[in-house]
1. Which of the residues belonging to region 119-141 are of a type in the set (Lys, Arg) and in contact (Cβ under 8 Å) with a residue 24 or more places away in the chain?
2. Which of the residues spanning region 167-219 are within 17 Å of Lys127 (Cβ to Cβ) and in a loop (DSSP other than H, G, I, E, B)?
3. In the list Asp196, Asp243, which residue meets the criterion of being among the acidic types (Asp, Glu), modelled with pLDDT under 90 and on the phi < 0 side of the Ramachandran plot?
4. All but one of (1) buried (at least 18 other Cβ atoms within 10 Å of the Cβ); (2) without any contact (Cβ under 8 Å) to a residue 24 or more places away in the chain hold for Gly37; state the number of the condition that does not hold.
5. So which strands (runs of 3 or more DSSP E) stay within region 17-89 end to end and still have 1 or more residues that are more than 15 Å from the chain's Cα centre (by Cα) and more than 22 Å from Leu176 (Cα to Cα)?
6. Quick one: count up the residues across region 119-151 that are over 21 Å from Glu186 (Cβ atoms) and either charged (D, E, K, R) or assigned to a helix (DSSP H, G or I) (or both).
7. Looking at the structure I just gave you, is Lys152 surrounded by fewer than 17 Cβ atoms within 10 Å (Cβ to Cβ) and touching a residue at least 40 places away in the same chain (Cβ under 8 Å)?
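The values are calculated or read from the model by the stated rules, or taken from the named source; none is laboratory data. Predicted, not measured: the structure shown is a model, and the values here were computed from it. When we count neighbours, we look across all protein chains shown, and the Cβ atoms used for this are built from the backbone with ideal geometry, even at glycine.
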Amino acid sequence: MLKIDNLHAEIGGKEILKGLSLELNAGEVHAIMGPNGAGKSTLSYVLGGRPGYEVTAGSVSYNGEDLLAMDPHERAAAGFFLGFQYPVEIPGVSNVQFLREALNSQRRVRGEEPLSGGEFLKLAKEKAALLKLDMEMLKRFVNVGFSGGEKKRNEMVQMGILDPRLAVLDETDSGLDIDALKVVGEGINAIMRQPDKAVLLITHYQRLLDYVKPDYVHILAGGRIVKSGGADLALRLEEEGYDEVMAA
């Protein structure tokens, strides 16, 4: 589904990704862990098409197409979802308004009929219940006045409504308490643990992986993948730290 080959990327003239290669197949969950400054968020921004991040070498293919040649909205319409470490607030725009427009915009690009107001609200209620988010929250401005946990649950509701094929989730566990972590983890499983979907989880800690079991864990350091393994690799990192595991 996603193939990253020898990816080099920089921002402001400083190279961050230095030959990163990674491949995800449908039905798989991959976790990327690594020390601060390793390039984890940069990878998510490059895949999402964030301005300011320049790819200087390498390629990224998504379902056989050149992902880097697509504009961000084209990536989204093709089934790509990027979850942010710090979800943004959008004053003056309600969640319902934002999500209905986002979903119907994607449906139009794919040649599908837009959902009516009633059809959308039925879908929104279903996904909000999945993440234990009160529907009243969806009537409020996007993330305005939300706690950290509410922002992350709201973002997972967005993911459920948009129903992507590939989700890149950048530190989704950041700012979550124990209860919210469980709800978000179970939400990711319910939405994305499907044979035709894939997830790339970027995280610092093992705790999210207790709920979303990865098929593969990769260590990103110095702008490239330096070690890969199964779910037990994350446990080793938690117990031993990056330096010792990478040296082994």
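1. Lys127, Lys132, Lys139, Arg140
2. Thr172, Arg193, Gln194, Lys197
3. Values: Asp196 fails: modelled with pLDDT under 90.
Checking each option against the conditions leaves just Asp243.
4. With respect to (1) buried (at least 18 other Cβ atoms within 10 Å of the Cβ); (2) without any contact (Cβ under 8 Å) to a residue 24 or more places away in the chain, Gly37 is out only on (1).
5. Here the list reads 53-62.
6. 7
7. On the way: surrounded by fewer than 17 Cβ atoms within 10 Å (Cβ to Cβ): no; touching a residue at least 40 places away in the same chain (Cβ under 8 Å): yes.
No, not satisfied.
Here's the yes/no breakdown for (1) farther than 26 Å from Ala180 by Cβ; (2) crowded, with 18+ Cβ neighbours inside 10 Å; (3) more than 19 Å from the chain's Cα centre (by Cα):
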position	(1), (2), (3)
Ala198	no, yes, no
His204	no, no, no
Arg207	no, no, no
Leu220	no, yes, no
Val245	yes, yes, yes
